[in-house]
Every structure is written in structure tokens, then in C-alpha cells.
Amino acid sequence: MRNKKKRRQYAFVIRQLTAREMKRKYARSYLGILWSVLNPLLSMAVLSLIFSRMFQKSIDNFPIYYLTGYILWQMFTGATVSSMTALTDNKQLLLKVKFPMEIFIVTRVYTAVINLIYSMAAYAIMLALFGVKLKGTVLWFPVILAFLVLFSLGMSCILAVGYVFFGDLKHLYTVALTLWMYCSGIFYPAQQLEGFIRTVVFYNPIYVYIRCLRKTVMYGQIPAAGEFVQMALWGGGICLAGWLVFQKNRNRIMERL
Amino acid sequence: MEIEVQDVTMQFKKAKEEVFSLKEAVIQKLKGRRSYELFTALSNVSFCVARGEVVGIIGTNGSGKSTVLKIISGALLPTKGRVLVDRDKVQLLTLGAGFDPELTGKENVYLNGALIGYTKEFLDEKYEEIVRFAQLEGFMEEKVRKYSSGMVSRLGFAVATIRDTPEILILDEVLSVGDMFFREKSEKRIRSMIHGGSTVLMVSHSTSVIRKNCTKAIWIEKGRVQMEGDTDQVCKAYESMAGVKV
């Protein structure tokens with residue numbers, strides 16, 4: 001009974017904190033939340049302008065191919081980059097409030113998910129506009145997303161703890177993300193890669209999530225068993241690792257802050 | 001006993017040179033010296049607080065008195081020793097936790113309220129009362145960025161003190177905020193909380209505040225309990241050490 005009450009209170013806190021993040025993000029813009037919809041559209045327009053002719057032969061619907069990858073990538077980077085500073089940003093609060101620290105990381109990840117949901121409005125419009133015929137396989141979307149959220153949550157915890165001890169992590173991670181993005185097959189035909197880099201890309205968890213989403217939305221296929229296992233293992237494994245890192249360092253974090 | 005602090009020692013590891021970057025950490029590791037300096041904030045502190053007692057902790061700045069509160073409220077884990085207390089009963093009174101200037105007054109009430117443990121239903125029910133107490137009728141839809149500092153602290157105070165008095169109340173410095181009129185009102189409310197029958201633990205460096213409110217005093221200096229007992233005696237001893245009447 002008491003635990004149930006606590007969980008409800010945590011959920012209330014997360015909702016309130018997320019509302020704050022969203023309002024703060026768009027506090028000084030006229031279009032506000034609309035940017036969450038416009039952003040992927042504009043990015044898609046730019047990339048399509050440059051690459052859609054180039055990859056005409058290998059990708060038959062470049063704008064959708066790109067957008068599918070982009071919204072997942074945005075959700076992952078949005079979650080991890082903002083979570084990295086979640087503990088240090090809320091230093092004062094952490095000392096005053098009785099909640100577990102994870103709440104602040106969950107909030108940032110949740111904010112990224114909300115953002116993704118707005119982006120999906122843009123995605124839906126584009127799917128209709130480009131005449132993509134959806135099949136029942138699209139029901140896999142929430143499953144894929146759930147695994148990606150777990151993966152992001154784990155990464156976020158690890159990064160947030162790391163950042164408390166090493167401020168440089170922020171800059172290192174920016175560089176790492178650039179590399180990671182190019183290895184995620186977001187705007188080029190990953191199937192055509194060969195050799196070593198092909199192995200890297202195909203084992204990259206983010207690319208697995210993106211590839212599966214493309215399969216289910218664009219081509220009406222379901223993820224292969226191997227892909228499903230990969231998604232589940234990466235999601236569950238990283239999430240568990242993040243949680244362990246957190247538990248192990250809980251006290252040291254408070255001292256360091 | 002409502003709160004039992006048993007032989008609590010709190011040490012902070014302080015790296016001799018603050019290592020905040022990876023580069024420095026690697027360099028230091030290679031050099032084979034990552035020595036820590038131990039900073040002892042509290043050493044072997046023990047005391048008890050009985051149900052219904054109002055206990056004041058005094059001490060100069062940096063004596064470790066706020067650290068005691070953080071350990072009791074559960075924000076820090078002690079290096080050694082333990083604290084026996086029912087954490088669900090403890091409430092640390094904090095003003096304006098999480099206030100955000102970009103949000104409206106109303107949004108801040110809900111955010112701040114959620115953070116200090118109010119449910120949504122409770123806030124819905126008490127909202128009008130909070131606004132009335134803070135004297136901010138007609139300003140609640142404005143962004144807090146546009147508030148005066150007095151208005152902000154009034155709102156923070158109103159939210160923090162709207163609750164039914166908890167069984168164990170912890171106060172870090174007694175709070176009175178705002179202009180003269182509001183100050184009177186806020187002091188009155190705090191006093192009624194303190195004397196509402198709950199167990200109170202408060203920290204202050206002002207002996208007059210302790211004298212006015214407490215039934216027992218504890219003097220902590222340099223992380224050790226110097227003296228414990230009758231409010232007046234402890235305050236006198238503290239004043240004569242400090243050499244000034246605070």
C-alpha cells in the first residue's frame with residue numbers, strides 16, 4: 001500500500017518535471033512545441049535535397065528512409081545528452097528532496113520520448129503524403145521503441161554518473177556521437193557497406209533498432225528472430241548495467257556533488 | 001525515542017587536487033598518486049530526541065550542524081554509526097525547491113508541491129488556500145520571472161507550510177520571509193507548526209531563536225557534541241565561547 005502510494009507520487013513528480021523541461025525548452029519561442037514537429041520535417045527536407053538523387057537506385061523512398069532513422073536517433077541523443085547533466089543540474093534539489101536520484105534521469109528520457117511522440121505527427125503526415133501503405137507489422141513500433149527507451153535509459157545512467165566524476169565526458173561524448181551517427185545508417189544505404197565497417201554498423205544497436213523500424217513500417221516485414229534477440233539484449237543489458245553503475249556509486253555521487 | 005543518532009561519523013573524501021577531468025585523472029593515475037584527504041565533518045556524534053521534544057542544534061558556521069540534518073533526513077549516508085528514525089515520518093522543510101522562473105506561479109506551485117511530496121489531489125484541494133496565504137491573488141498566471149523576490153519567497157513559504165504538520169519536522173534555520181506584515185504571519189505559522197505536538201529538530205546559529213522555541217539544545221562544534229541539555233545553559237555556554245551575544 002505504502003509502495004503504491006510512493007510510486008504514484010514518483011509518477012506525479014516525473015510528470016511535473018517533464019512539463020517543466022518541455023516548457024523551458026520552448027520558453028522563448030513563438031512556435032513553441034510546434035518545433036518538435038517542424039524540426040524533423042526541415043531536417044528531412046535538407047537531407048532529401050542533397051542525397052535523394054544520389055541514392056535513387058538503392059533507396060526507393062529516401063525521405064521516409066531518412067526520417068525513420070532520424071526520429072529514433074533524435075530520441076536517443078536527446079535522452080542521453082540531456083541526461084548526462086541531469087544530476088549536476090539538479091544538485092541543489094537532490095540535497096533537499098527525498099526522492100531517488102534516478103527520477104531526474106527518468107525525467108530527461110521521458111521528455112525525449114514525449115518529443116518523439118510529437119515528431120511522430122510529422123512522421124505520420126509524411127507517411128501519408130508519400131503514400132506508404134502501412135501493414136499490421138506497424139504494431140511492432142511500440143515494441144521497438146520500448147527496447148530503445150531501455151537502451152537509452154541505461155546509457156543515460158552511465159553517462160550521468162560518469163559526468164559527475166569527469167566533466168570532460170561531455171566533450172568526448174559529442175565526438176563519439178558524431179562517429180556513432182555515421183555508423184548508424186541514417187542517411188545512406190547501409191546494405192551496400194562492405195568489410196569491417198559493415199560489421200561495425202550491423203552490430204551497432206542503434207542501427208538494429210532503426211533497421212527493424214524501417215522493416216516494419218516501410219516494407220511490411222517483421223523483425224527476424226536474431227534482430228529481436230539483439231534488440232532485447234541490448235535494451236535489457238544496458239539498462240541493467242546503468243542501474244548497477246548507479247547503485248554502486250550512489251553514495252559517492254552525493255559526496256561529489 | 002523518536003530519533004536516535006548513534007555514534008555517527010561523517011567523512012568526506014577530498015581529492016588533494018580536485019580531479020574533474022579525464023585528462024588529469026589519467027595523468028594522476030600514471031604518476032601513481034591519487035591520494036585523498038579525509039575531511040571529517042562529524043566525529044562520533046550521538047544524541048537522542050524524544051517524542052514531542054523541540055530540540056535546537058547550535059554551532060558556528062561549518063561546525064557540521066547542517067550535515068547532521070542531512071544524515072537524519074536521509075540525503076547522506078554516514079561513514080560510521082547509524083541513525084534510528086522512521087524516514088517516512090521525517091519532513092525537512094524547504095522553501096521553493098525547484099522553482100523555475102520560466103513557469104507561471106500556478107505551475108510552480110504544482111512542481112514544487114510534487115517535489116516536496118504532495119499528491120495532486122492534495123494540491124488541487126489546497127490551491128486556493130496557498131494563493132490566499134501568499135497574497136498572490138491575480139498573479140498566479142504570470143511567470144515567476146516577473147515576480148519580486150518577496151513574492152517568490154511568499155509563494156515558496158505558503159506551499160511549504162500548507163501541509164498538516166508532520167510527525168517529525170526538521171528546520172534548517174527558522175524561516176521568516178517577506179515584508180514586515182508577512183513576516184509576522186509566517187513566524188506565527190512556523191510557531192504553530194513547532195508547537196503543534198510534533199517532534200521538532202531545528203538548526204540555527206542564533207541563540208535567541210533557540211531560546212524562544214526549544215525545550216532542549218545541543219551544541220555542536222568542529223563536528224563534535226560540545227554540550228547537550230537545558231536550553232538556557234547550553235546557549236549561555238555557546239555565547240561565552242563565541243564572545244558575543246548573537
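Show that you can apply the helix-only estimate: for chain B, add -39,500 (n - 2.57) for every DSSP H stretch of four or more residues, divide by all residues, and state [θ] at 222 nm to the nearest 500. The partial results should precede the final answer.
Working: 8 runs with 91 residues, N = 246.
Result for chain B: -11500 deg cm²/dmol, rounded to the nearest 500.
Most exposed first by the Cβ proxy, i.e. fewest other Cβ within 10 Å, how do B:VAL159, B:VAL177, B:VAL5 rank?
Starting with the residue having the fewest Cβ neighbours, the order is B:VAL177, B:VAL5, B:VAL159.
Against the longest alpha carbon principal axis of chain A, how many degrees, from 0 to 90 and to the nearest 10, is the axis of helix A:169-182 turned?
20
For Cα pairs less than 8 Å apart in space and 6+ apart in sequence, what is the mean separation divided by the residue count of the stretch A:36-256, i.e. the relative contact order in percent? Before the final figure, lay out each step's value.
Details: 249 pairs, mean separation 63.4, N = 221.
Contact order relative to length: 29 percent.
Say the dipole of the protein assembly as shown comes from +1 at the beta carbon of Lys and Arg and -1 at that of Asp and Glu; which of A:ALA160, A:PRO189, B:SER153 then lies farthest toward its positive end?
A:PRO189
Measuring from centroid to centroid over Cα atoms, what is the spacing of the stretch B:198-213 and the stretch B:73-103 in Å?
18
In whole Hz, what ³J(HN,Hα) sequence does the stretch A:71-86 give by Karplus (6.51, -1.76, 1.60; θ = phi - 60°), x for Gly and Pro?
With the stated coefficients, the stretch A:71-86 comes to 5, 5, 4, 4, 5, 5, 5, x, 5, 6, 5, 6, 5, 3, 9, 4 Hz.
Please tell me the relative contact order of the stretch B:95-165 in percent, rounded to the nearest whole number, where contacts are Cα pairs under 8 Å and at least six residues apart. Before the final figure, lay out the partial values.
Values: 77 pairs, mean separation 33.2, N = 71.
With pairs under 8 Å counted, the relative contact order is 47 percent.
Can you compute the helix-only [θ] at 222 nm over chain A? Use -39500 (n - 2.57) per DSSP H run of at least 4 residues, normalise by all residues, nearest 500 deg cm²/dmol.
-26000 deg cm²/dmol
Under the definition of Cα pairs under 8 Å and six or more residues apart, what whole-number percent is the relative contact order of the stretch A:54-162?
Working: 77 pairs, mean separation 47.6, N = 109.
Averaging sequence separation for qualifying contacts and normalising by length gives 44 percent for the stretch A:54-162.
Work out from phi, with θ = phi - 60° and the Karplus expression 6.51 cos²θ - 1.76 cosθ + 1.60, the ³J(HN,Hα) of each residue of the stretch B:67-81, listed in order in whole Hz, and give x for Gly and Pro.
Per-residue couplings from phi come out as 4, 4, 4, 5, 6, 5, 6, x, 6, 10, 9, x, 5, 9, x Hz.
Rounded to two decimals, what is Rg over Rh for the protein assembly as shown when you use alpha-carbon atoms and the Kirkwood radius? Each step should come with its number before you reach the end.
On the way: Rg = 27.5 Å, Rh = 26.1 Å.
We get a ratio of 1.05 for the protein assembly as shown.
In straight Cα distance, which lysines are under 26 Å from A:LYS215, not counting same-chain residues fewer than 8 positions off?
A:LYS57, A:LYS133, A:LYS135
Tally the DSSP beta bridges in chain B and give the antiparallel ones as a percent, rounded to 5. Before the final figure, lay out each step's value.
Numbers: 20 of 37 bridges.
Antiparallel bridges: around 55 percent, rounded to the nearest 5.
Check which residues have an amide H placed less than 5 Å from B:ILE57's amide H, if you skip close sequence neighbours.
B:MET202, B:VAL203, B:SER204, B:ILE218
Could you give the length gained on full extension between B:MET1 and B:GLU187, defined as 0.36 nm per residue of separation minus the Cα-Cα distance, in nm?
Details: separation 186, 0.36 × 186 = 66.96 nm, distance 2.80 nm.
Full extension from B:MET1 to B:GLU187 adds 64.2 nm.
Mind sorting B:TYR118, A:TYR30, A:TYR65 by how few other Cβ atoms lie within 10 Å of their own Cβ, fewest first?
Details: B:TYR118 21, A:TYR30 7, A:TYR65 26.
Arranged by neighbour count, lowest to highest, B:TYR118, A:TYR30, A:TYR65 become A:TYR30, B:TYR118, A:TYR65.
Of B:ASN108, B:ASN213, B:ASN61, which has the largest mean-square fluctuation in a 10 Å C-alpha GNM of chain B?
The residue with the greatest mean-square fluctuation here is B:ASN61.
If each residue's Cβ is checked for other Cβ atoms within 10 Å, how do B:TRP219, A:TRP73 rank with the fewest at the top? Show your work: numbers first, answer last.
Working: B:TRP219 25, A:TRP73 21.
Going from sparsest to densest Cβ surroundings: A:TRP73, B:TRP219.
Give me a comma-separated list of calculated 3J(HN,Hα) values for the stretch A:14-30, in order, Karplus coefficients 6.51, -1.76, 1.60 applied at θ = phi - 60°, integers in Hz, x for any Gly or Pro.
4, 4, 5, 5, 5, 4, 4, 4, 5, 5, 5, 4, 10, 4, 10, 10, 6
Would you mind checking which residues have amide H under 5 Å from B:GLU221's amide H? H placed 1.01 Å from N; only 5 or more apart, or other chain.
B:GLN226
Throughout, read-outs are computed from the coordinates displayed, never taken from laboratory work. Because the structure is a prediction, the values reported are computed rather than measured. Cβ sites come from the backbone with ideal geometry, for glycine too, and all protein chains shown count toward neighbours.
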